[in-house]
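The values are calculated or read from the model by the stated rules, or taken from the named source; none is laboratory data. Quick caveat: nothing in here was measured; it's all calculated off a predicted structure. Backbone-built Cβ (ideal geometry, glycine too); neighbour counts: all protein chains shown.
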């Protein structure tokens with residue numbers, strides 16, 4: 001920009017003095033011409049005297065260092081104006097560019113700051129779920145805000161502490177309506193999702209199973225539809241799957257059996273699944289809780305693997321399903337195949353009144369063979385009657401424990417607790433523990449799973465409603481064990497059975513499984529007791545399909561032996577009747593979650609004894625310390641638990657026989673070997689082989705369980721336990737100690 005001097009102070013002082021001198025000369029010239037009367041104009045000639053030289057011009061121009069002040073300077077500077085304007089435009093463009101760059105830098109830094117405070121990827125995936133929900137009556141999702149940096153403080157969301165990734169979604173029973181979005185499959189750390197008891201609809205998205213860390217899925221009690229996606233087999237860590245009470249259809253995925261960790265729950269009940277049950281489902285572990293009720297499944301239940309251990313409630317409500325453990329046989333007759341619901345029940349012809357069965361059969365016969373003679377009818381009736389009688393006599397053999405509580409339902413409905421003339425025909429449910437919280441109706445409606453079979457009958461794990469307490473399971477449900485007794489030769493009458501149950505119920509000890517209730521009818525007898533969750537000592541020592549325990553340490557084995565000894569001692573001494581257990585073995589010692597032992601099966605030997613029926617109540621009370629031995633299973637292990645003097649048919653089983661059995665059990669705990677096994681294959685059993693090692697003074701490492709060899713510090717304790725076991729297994733009953741002495745000796749072994 002070109003400016004003049006605004007004040008003389010801005011110009012050179014020497015230059016100002018020259019200007020003032022010229023001004024005085026002009027004024028003096030004007031005055032002189034006026035005095036002559038002829039005005040003479042003042043003219044500046046072009047000479048060096050009146051016009052500054054170029055050097056002076058340069059001097060004058062250069063003398064104003066800050067800004068030019070005279071026309072000579074202006075002349076010089078005006079010539080440079082185009083250049084100045086070009087520079088000015090350039091500077092304007094530069095300033096404008098700098099302004100744009102400045103705005104961009106401000107935007108960049110502002111955007112970067114906003115990115116650092118925005119929601120992470122897991123939160124964005126959860127916002128997709130929020131967007132998919134149309135109804136949220138409880139305003140649960142009001143805390144789900146996109147302004148948060150992470151969703152870890154949102155309602156129903158749990159994150160892992162290390163990386164702040166979403167680990168669990170729990171929105172059960174919130175009244176939510178909507179659908180499940182595929183974006184949930186992007187939650188790489190998600191291990192559990194629970195959306196039960198809501199109103200989610202549409203299909204289960206395929207991409208949900210991209211979250212391969214999932215171990216628990218509960219989508220039950222919604223309105224989901226469509227088939228179960230095959231991609232579910234990618235969830236290799238899945239242990240719990242509950243899709244019950246939806247509208248799912250299609251067939252059951254056969255590849256589900258490839259999920260080897262699926263050992264908690266597999267619940268497909270109350271859906272619309274169709275087709276046959278895959279035989280591969282038999283590969284699931286026995287401890288898996290399988291529920292396929294109320295579907296449209298068809299065909300025969302595969303008789304393989306763990307499917308044989310399921311109770312009938314796992315398959316009920318499928319009209320076209322047949323085979324064990326249901327009461328519906330897979331008949332090859334066309335009539336039965338066409339209508340599987342209408343099947344004759346020859347075991348209970350009296351449950352149908354007014355002669356419906358006989359009338360129906362006669363009518364059908366008259367239609368098919370109208371010319372049948374009266375003699376043929378009589379013969380046919382006699383034949384059918386004999387067949388029915390035979391079926392009733394072979395009830396225990398025909399069912400093998402497969403039919404569970406459906407029979408009790410019919411019995412309760414048709415016979416009733418108040419009907420009939422004989423007390424045994426009425427059916428009676430007696431609760432010995434007032435805190436049980438279960439009625440017979442609860443047992444009939446409960447889910448049941450087979451957990452064991454023996455000569456005495458089948459044992460079910462029954463999960464039902466109730467008050468819970470010590471027997472509380474998941475969700476406050478009551479878990480009990482129900483033993484369905486086999487019909488042996490020596491089954492007691494009602495009064496005798498009731499007396500035995502009352503006596504067993506009074507035997508209460510921390511190391512004895514407690515009898516809680518019983519049910520008696522002429523053709524059905526049930527014993528209800530506590531359910532002990534960790535299986536038997538037999539499985540813990542020798543392995544089994546349901547065993548999840550690591551090898552037992554010496555400390556655990558000693559505690560188990562001490563607890564079992566206390567329980568057996570209490571049985572022997574709790575009553576003047578001098579009770580006998582009669583069936584001590586490792587499968588009768590149950591373990592809880594803390595590996596505390598519980599003796600089970602007390603009293604069963606007396607109930608099923610072969611000569612019990614011939615004994616009257618008085619003689620039983622007089623000889624309560626003894627049990628008459630009847631033919632038992634031919635399994636070698638069962639024989640080896642029995643004392644030598646009790647292996648003779650008709651001999652009496654005494655408390656000293658229990659002591660011998662406990663000695664064999666203690667040897668099994670110490671060696672990890674079955675009673676019929678040993679070092680030498682001489683068929684003399686474990687006890688004989690252990691005595692041989694001690695007699696020949698061979699190393700203890702030859703007979704001790706290899707799992708205990710590293711516990712060198714316990715050598716003296718193990719040796720003391722061996723001596724106690726050998727004392728218990730003396731051939732002469734009189735040389736065997738009493739159980740009190742055995743228990744005290746074990747208690748004196750202290751863990752170092």
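Testing residue 313 on (1) touching a residue at least 60 places away in the same chain (Cβ under 8 Å); (2) touching a helix residue (DSSP H, G or I) at 6+ places or on another chain (Cβ under 7 Å); (3) under 28 Å from residue 549 (Cβ atoms), one condition comes back false. Which one is that? Failing condition for residue 313: (2).
Considering (1) modelled with pLDDT of 75 or more; (2) under 17 Å from residue 602 (Cβ atoms); (3) out of contact with any strand residue (DSSP E or B) (no Cβ under 8 Å at 6 or more places or on another chain), the lone condition that residue 492 does not fulfil carries the number (1).
Return yes or no: is residue 571 modelled with pLDDT under 95 and assigned to a helix (DSSP H, G or I)? So residue 571 passes the test. Take residue 168 and tell me if it is assigned to a loop (DSSP other than H, G, I, E, B) and out of contact with any helix residue (DSSP H, G or I) (no Cβ under 6 Å at 6 or more places or on another chain). Criteria not met by residue 168. Note on segment 262-277: residues that are surrounded by fewer than 21 Cβ atoms within 10 Å (Cβ to Cβ), farther than 16 Å from residue 447 by Cβ and at pLDDT 90 or above total 4. Could you tell me whether residue 532 is touching a helix residue (DSSP H, G or I) at 6+ places or on another chain (Cβ under 7 Å) and either assigned to a loop (DSSP other than H, G, I, E, B) or crowded, with 18+ Cβ neighbours inside 10 Å (or both)? Judged against the criteria, residue 532 is not a match.
Just give me the residues in segment 191-206 being in contact with a helix residue (DSSP H, G or I) (Cβ under 6 Å, 6 or more places away or on another chain) and either touching a residue at least 60 places away in the same chain (Cβ under 8 Å) or assigned to a helix (DSSP H, G or I) (or both), in sequence order. Of everything in segment 191-206, just one residue is in contact with a helix residue (DSSP H, G or I) (Cβ under 6 Å, 6 or more places away or on another chain) and either touching a residue at least 60 places away in the same chain (Cβ under 8 Å) or assigned to a helix (DSSP H, G or I) (or both), namely 206.
Of all the numbered requirements in (1) in a strand (DSSP E or B); (2) modelled with pLDDT under 90, residue 297 misses one, and that requirement is (2). Return the residues of segment 517-539 that are within 23 Å of residue 565 (Cα to Cα) and touching a strand residue (DSSP E or B) at 6+ places or on another chain (Cβ under 6 Å); say none if nothing qualifies. Of everything in segment 517-539, those that are within 23 Å of residue 565 (Cα to Cα) and touching a strand residue (DSSP E or B) at 6+ places or on another chain (Cβ under 6 Å) turn out to be 529, 531, 532, 534, 536, 537.
Here's the yes/no breakdown for (1) modelled with pLDDT of 70 or more; (2) surrounded by fewer than 11 Cβ atoms within 10 Å (Cβ to Cβ); (3) within 27 Å of residue 201 (Cα to Cα):
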site	(1), (2), (3)
69	no, no, no
72	no, no, no
111	no, yes, no
132	yes, no, yes
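The set of residues in segment 214-231 being closer than 17 Å to residue 275 by Cβ and either outside any strand (DSSP E or B) or touching a helix residue (DSSP H, G or I) at 6+ places or on another chain (Cβ under 7 Å) (or both) consists of 227, 228, 229, 230.
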